[in-house]
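Quick notes on the structure that follows.
What follows draws every value from the coordinates through simple rules; no lab data is involved. Just so you know, these numbers come straight off a predicted model, no measurement behind them. A quick note on method: Cβ atoms are made from the backbone with ideal geometry, for glycine too, and the neighbour counts reach across all protein chains shown.
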Amino acid sequence: MHLRPNIRAMDLGPAAMVAERSLKVIESAPVGRRYHRLLLEAPDLSARSRPGQFFHLLCRDGAGNGPYLRRPMSIWRCGAGEPLGFLFHVKGKGTAALARLRAGEALSVVGPLGQGFALDPAWRRILILARGVGLATLAPLTGAAAAMGIAADAVLSARDPADLMAEEFAGVSGASVTAVFDADGSSEVARVEALLRARFAAARPDAVFTCGSNRLFLLLQRLSAEFGIPGQVALEQQMGCGLGMCFCCVRQIRDASGAVVNLRVCAEGPVFDLQAALAW
Ligand SMILES: Cc1cc2nc3c(=O)[nH]c(=O)nc-3n(C[C@H](O)[C@H](O)[C@H](O)COP(=O)(O)OP(=O)(O)OC[C@H]3O[C@@H](n4cnc5c(N)ncnc54)[C@H](O)[C@@H]3O)c2cc1C
Ligand code: FES
């Protein structure tokens, strides 16, 4: 296994700044048929969290039931004066336990962890391409962009309108949202490509961002290379420690010389350069 030479096994990076915290749940509510949102009281952590970073959550319900290992979850809402928020697909026993938490109960979190998205103050417009719950990861980027005077155009892909969560994505950021669905075929890669080409021609973005789908990642990687537009992708990987120590989350990434190296999604990621990331 090739590891980036300047990373030592015990180099915790930003994780060295974090500690376990027990936070009070202030809202726990289902979103649509398959998703759930949790809002936590954490003024200090919320203020220093950045879009694209994540927390490692101990998924135990009020009765203490849930898996041993923590589960990684992107920051969906954060900022000074904002609750810390997570939006997740209720998938297995960890997320089911999270969804059983009630307001007033406590949740153990470790974070904020990882490297978030980077926004350049010189940019005027970004394009976001998200699929499914990848929109939770990309949602806070819309508010961060708005605060810097950067317009955000988003293309959101979902199974059908009931799964879209456009309101959860854009909030009050003013991001423009175009939805595509499996149900009517508008989410097919060829149709999304036509949509993006038209968008690039009408209002070329300064940067593009994606999360949540391998085929949309490959499409955006190809188009951003063709148009010479920089991009970032938030990757997912199952995690053990979440702190950079166990190396169970490595993924293959191209380094600046083009060589393929194994980097830790929890420490060097989860956000990577769009051209450096490899398909999964
Ligand atoms: C950095 C990061 C941020 C994430 N942010 C979000 C988010 O904002 N919202 C959200 O809904 N999910 C997010 N995920 C995925 C989330 O961590 C998994 O869905 C969760 O761990 C599943 O736990 P579970 O116990 O409910 O399911 P499990 O019983 O552990 O697994 C259920 C199924 O999901 C698969 N799975 C588990 N973990 C992952 C993973 N990390 N990636 C892909 N498949 C997985 C398993 O293989 C299994 O098939 C994120 C993952 C990472 C790494
Ligand atoms: S190094 Fe342990 S999960 Fe990333």
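What length, rounded to one decimal in nm, is gained on full extension from Val189 through to Ala122, with 0.36 nm per residue of separation minus their alpha-carbon distance? In short, 21.1 nm is gained.
FRET efficiency for the pair Ser108 and Val260, taken as 1/(1 + (r/R0)^6) with r the Cβ-Cβ distance and R0 = 30 Å, rounds to 0.25. For the options Gly64, Gly116, Gly104, a Gaussian network treatment of the chain with springs between C-alpha atoms closer than 10 Å singles out Gly64 as fluctuating the most.
Inter-part distance, the stretch 51-121 to the stretch 221-280, computed on C-alpha centroids, equals 21 Å.
In the chain, helices alone account for a calculated mean residue ellipticity at 222 nm of -6500 deg cm²/dmol, with every DSSP H run of four or more residues adding -39,500 (n - 2.57).
Rg/Rh, computed from the Cα trace of the chain with Rh as the Kirkwood radius, has the value 0.95.
Report the far tail of the P(r) of the stretch 13-113, meaning the percent of Cα-Cα pairs longer than 17 Å. Cα-Cα pairs in the stretch 13-113 separated by more than 17 Å: 45 percent. For the residues Ala198, Ala97, Ala47, a GNM of the chain with alpha-carbon springs under 10 Å puts the largest fluctuation on Ala198.
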